[in-house]
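Input: a single structure, listed below in structure tokens.
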Amino acid sequence: MNEIGSHNLNGCMRTYSGKTFDLINPLPEMVDIRDIAQGLAYKAHFAGQSEHYFSIAQHCLLVCDLLPESFKADQKLMMLALLHDASEAYIGDMIKPLKVHLPAFVLVEDKIMKAVCKKYRLDQDRLKELKTYDIQAQQMEYDNFYKGEQTIKYLSPKEAAKEFKLRYIRYYYQ
């Protein structure tokens, strides 16, 4: 069987950085910030159903921007905010109306987030502290996409990937 076919059957994929990423049994050493930035920057949020392209990477940046000042001194929390949708770099952004019917997908997503959090020494349980700001970002995006508000400056995938990596450096080495 050819290389592409064998990867499809064993639950593995090749990433932007050249790593093999096992979607079913991900390990921290398979995680690479370059793959996360690339994957999130080139995937549209809201399943691409908006007038302008808006990446998952830009959504993650917006969540970071919405955090209160009291959170911004916590380097680990800022990293977690940046990476809160990191699993979507590997498996995509499934819209909630479908996701609720696919519990196996949620399990795969959770395993990937566990590997990401372990790689960067983040406490996955703290994601709940960010939920309010994630929802606030989604509401802001919705209002811009569908209600004509103009509070978002849209980034190209290349711009979003670059800014995502810059934020990673800032939060990781802070």
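The values are calculated or read from the model by the stated rules, or taken from the named source; none is laboratory data. All values reported here derive from a predicted model rather than from experimental measurement. Here the Cβ is made from the backbone with ideal geometry for all residues, glycine too, and neighbour counts use every protein chain on show.
Filter the stretch 104-128 down to the residues that are over 15 Å from the mean Cα position of the chain (by Cα), over 16 Å from Asn25 (Cβ atoms) and surrounded by 15 or more Cβ atoms within 10 Å (Cβ to Cβ) and list them by number.
Result: Arg126, single match.
Residue-by-condition table, conditions (1) farther than 27 Å from Glu149 by Cβ; (2) in a strand (DSSP E or B); (3) touching a strand residue (DSSP E or B) at 6+ places or on another chain (Cβ under 9 Å); (4) not aromatic (Phe, Trp, Tyr):
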| residue | (1), (2), (3), (4) |
| --- | --- |
| Phe46 | no, no, no, no |
| Glu51 | no, no, no, yes |
| Met79 | yes, no, no, yes |
| Asp85 | no, no, no, yes |
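Could you tell me which numbered condition Arg167 fails, if it satisfies all but one of (1) modelled with pLDDT under 95; (2) over 22 Å from Gly11 (Cα atoms); (3) of a type in the set (Lys, Arg)?
(1)
Just the residues that are among the acidic types (Asp, Glu) and assigned to a loop (DSSP other than H, G, I, E, B), please, taken from the stretch 122-174.
If the condition is that a residue be among the acidic types (Asp, Glu) and assigned to a loop (DSSP other than H, G, I, E, B), then Asp123, Glu149 are the ones that fit.
Looking at (1) in contact with a strand residue (DSSP E or B) (Cβ under 8 Å, 6 or more places away or on another chain); (2) of a type outside the set (A, V, I, L, M, F, W, C); (3) crowded, with 19+ Cβ neighbours inside 10 Å, can you tell me which one Pro157 breaks?
(3)
Taking the stretch 33-71 as the search range and keeping residues that are over 13 Å from Phe164 (Cα atoms) and buried (at least 18 other Cβ atoms within 10 Å of the Cβ), which one is modelled with the lowest pLDDT?
Checking each candidate, the answer is His45.
When the residues of the stretch 133-154 are filtered to those that are surrounded by 12 or more Cβ atoms within 10 Å (Cβ to Cβ) and of a type in the set (Ser, Thr, Tyr), which remaining residue is nearest to Asp65 (Cα to Cα)?
The qualifying residue nearest to Asp65 (Cα to Cα) is Tyr133.
Can you name the residue in the stretch 11-28 that is hydrophobic (A, V, I, L, M, F, W, C) and outside any strand (DSSP E or B) and is also surrounded by the most Cβ atoms within 10 Å (Cβ to Cβ) among such residues?
Out of the qualifying residues, it is Leu23.
Please identify the pairs in which a residue from the stretch 146-157 that is over 14 Å from Ala44 (Cβ atoms) has its Cβ atom under 6 Å from the Cβ atom of a residue that is surrounded by 12 or more Cβ atoms within 10 Å (Cβ to Cβ) and of a type in the set (D, E, K, R), counting only partners at least 6 apart or on another chain.
Going by the 6 Å Cβ cut-off, the qualifying pairs are Glu149/Asp143.
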